[in-house]
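The values are calculated or read from the model by the stated rules, or taken from the named source; none is laboratory data. Just so it is clear, the structure is predicted and the values come from calculations on it, not from any experiment. We place every Cβ from the backbone using ideal geometry, glycine too, and count neighbours over all the protein chains shown. SASA here: full protein model, heavy atoms, side chains in, ligands and nucleic acids out. Shrake-Rupley method; radii C 1.70, N 1.55, O 1.52, S 1.80 Å.
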Amino acid sequence: MMKFPMRYLIVILTFICTSVCYIERVGFSIAYTVAADAAGVNQSSKGMILSTFYYGYACSQVPGGWAAQKIGGRRILLCSFILWSLTCAFVPLDPNRVAVLVIARLLVGVAQGFIFPSIHTVLAQWVPPHERSRSVSLTTSGMYLGAAMGMLLLPTLVKFQGPQSVFVTEASLGAFWSLLWLKYARDPPRSENAKAAAAGFGESLLPVRGAQKAKVENGGTSVRTGTIPWKKIIMSLPVWAIVVNNFTFHYALYVLMNWLPTYFEQGLQLSLQDMGSSKMMPYFNMFIFSNVGGVLADHLITQRILSVTRTRKVINTVGFIVASIALMALPFFRTSSGAVFCSSVALGFLALGRAGFAVNHMDIAPRYAGIVMGVSNTAGTLAGIVGVDLTGRLLEASKASYSDISSPGSWNTVFMIPGILCILSSFGFLMFSTGERIFD
């Protein structure tokens, strides 16, 4: 009987990890929206609470990459999960206790900020270069499956058990995953394959004391230091190409994730409970397209149809341009099926684009994948802060012009902004990105 490869188990566990994280994020927006609307909280205040998570999340991205690099992604991942799960378990969901909610969301944000840099560090250690696109795509597609499951099941849970039940469910899922990770996750062995080792596969990424000699296959030695090339990372145009696209991707994703419940309920006058399974389709589409993008990218590269650089650029451009069209068209679809279709196309093609920019960390800097991911995800998180809060302010301002937020005009600017950002950032990626390794 063939032994199940450890790297596949690691990828499956990180997939479950991202699923649970996004059940938490979608779950909070659903539960808080219900509780806040019942308490008469205005749109601007809702935007402030919904965006608080991203302040904490932004603060811990680069420290998360550094900690994963120095202490090990496996350990940091476990600690982060335990922290946010405990926070969910013990915090009451009361819209009138603003200070408690703000502190809780900041804590959850800080804890989850360590997760994705740690995952990228772990995957860079375990996954060989020719499997990276589909491995990263599968792992990140867990976010969308989690969001889809959250949208499908949690409104019903809120209806019958109340908003607080969402927190209890999320904490239980977090505890369950922590036990799985504790039992099965391992640090990788050093790679014996010279080509794989040269690409950063099998590196421990743990601190190196002084100048440590590393054996290479020909019997010679090379000197490796533990210094992280911060200046080179910050000054690199290919890194900035990833950063800008990460900002745009997350601006669109976080605005839709946090405000789609409000768009359906108040913009289109629909009930989330009555929409059935259709409300999960935008996120389920992301799950499908993310994996399609990963498999397609690996196929183009391994079959030598396109270079790594061209593969990343083509997939990123197609994904972002189609998404921009769908985003700008969204407020003109006034039926349930039309809005679900349009948001599904937008989010699906954004997810396809992740096989471009989001895997590129490992192409250009496999040894520092967690660090580059931390820098890049900080920008993505700032997009959450700006986008989620700005959307609340735009909708509150629209009330003055349209008396409520059920007219298409109230939502035009909300969806136009990410649509334009998609076009601009995709051109930036076309011009400045590369699939070649640029950091030793």
Selection from the range 96-150 of residues that are in a helix (DSSP H, G or I), out of contact with any Ser or Thr (no Cβ under 8 Å at 6 or more places or on another chain) and free of Cβ contacts under 8 Å to residues at least 40 places away in the same chain: Ala99, Val100, Ile103
Any idea which of (1) among the aliphatic types (A, V, I, L, M); (2) open to solvent by 10 Å² or more (accessible area, probe 1.4 Å); (3) within 30 Å of Thr52 (Cα to Cα) is the one Leu296 doesn't satisfy? (3)
Condition first: among the polar types (S, T, N, Q), in a helix (DSSP H, G or I) and modelled with pLDDT under 90. Can you find one or more residues in the range 78-93 that meet it? no
If I go through the range 234-249 residue by residue, how many of them are open to solvent by 10 Å² or more (accessible area, probe 1.4 Å) and within 17 Å of the chain's Cα centre (by Cα)? 3
Could you list all residues from the range 355-367 that are open to solvent by 10 Å² or more (accessible area, probe 1.4 Å) and at pLDDT 85 or above? Asp363
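Listed here are the residues, each with its yes/no results for (1) among the small types (Gly, Ala, Ser); (2) closer than 30 Å to Met362 by Cα; (3) touching a residue at least 60 places away in the same chain (Cβ under 8 Å).
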position	(1), (2), (3)
Thr381	no, yes, yes
Gly384	yes, yes, yes
Arg393	no, no, yes
Ala400	yes, no, no
Ile405	no, no, yes
Pro418	no, yes, yes
Ser426	yes, yes, yes
Ser433	yes, yes, yes
Ile438	no, yes, yes
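Going through the range 390-440 one residue at a time, which ones are in a helix (DSSP H, G or I), farther than 30 Å from Ser133 by Cβ and open to solvent by 30 Å² or more (accessible area, probe 1.4 Å)?
Those that are in a helix (DSSP H, G or I), farther than 30 Å from Ser133 by Cβ and open to solvent by 30 Å² or more (accessible area, probe 1.4 Å): Leu390, Arg393, Leu394, Glu396, Ala397, Lys399, Ala400, Ser401, Tyr402, Asn412, Thr413, Met416.
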Quick count over the range 31-51, residues being touching an Asp or Glu at 6+ places or on another chain (Cβ under 9 Å) and at pLDDT 90 or above, is 1
Restricting to the range 372-393, count the residues that are out of contact with any Gly (no Cβ under 9 Å at 6 or more places or on another chain) and aliphatic (A, V, I, L, M). 5
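Condition test on Ile288, is it assigned to a helix (DSSP H, G or I), open to solvent by 10 Å² or more (accessible area, probe 1.4 Å) and under 19 Å from Leu347 (Cα atoms)?
It is true that Ile288 is assigned to a helix (DSSP H, G or I), open to solvent by 10 Å² or more (accessible area, probe 1.4 Å) and under 19 Å from Leu347 (Cα atoms).
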I need a count of the residues in the range 53-90 that are open to solvent by 10 Å² or more (accessible area, probe 1.4 Å) and farther than 29 Å from Ala124 by Cα. 3
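Only one residue in Ser271, Ser278 is of a type in the set (Gly, Ala, Ser) and either assigned to a helix (DSSP H, G or I) or open to solvent by less than 10 Å² (accessible area, probe 1.4 Å) (or both), so which one is that?
The unique qualifying residue is Ser278.
Which one of these is open to solvent by 10 Å² or more (accessible area, probe 1.4 Å) and at pLDDT below 90: Lys231, Lys183? Let's see the steps before the verdict.
Details: Lys183 fails: at pLDDT below 90.
Matching residue, one of Lys231, Lys183: Lys231.
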Only one of Met143, Met149 is surrounded by fewer than 23 Cβ atoms within 10 Å (Cβ to Cβ) and either charged (D, E, K, R) or within 17 Å of the chain's Cα centre (by Cα) (or both); which? Met149
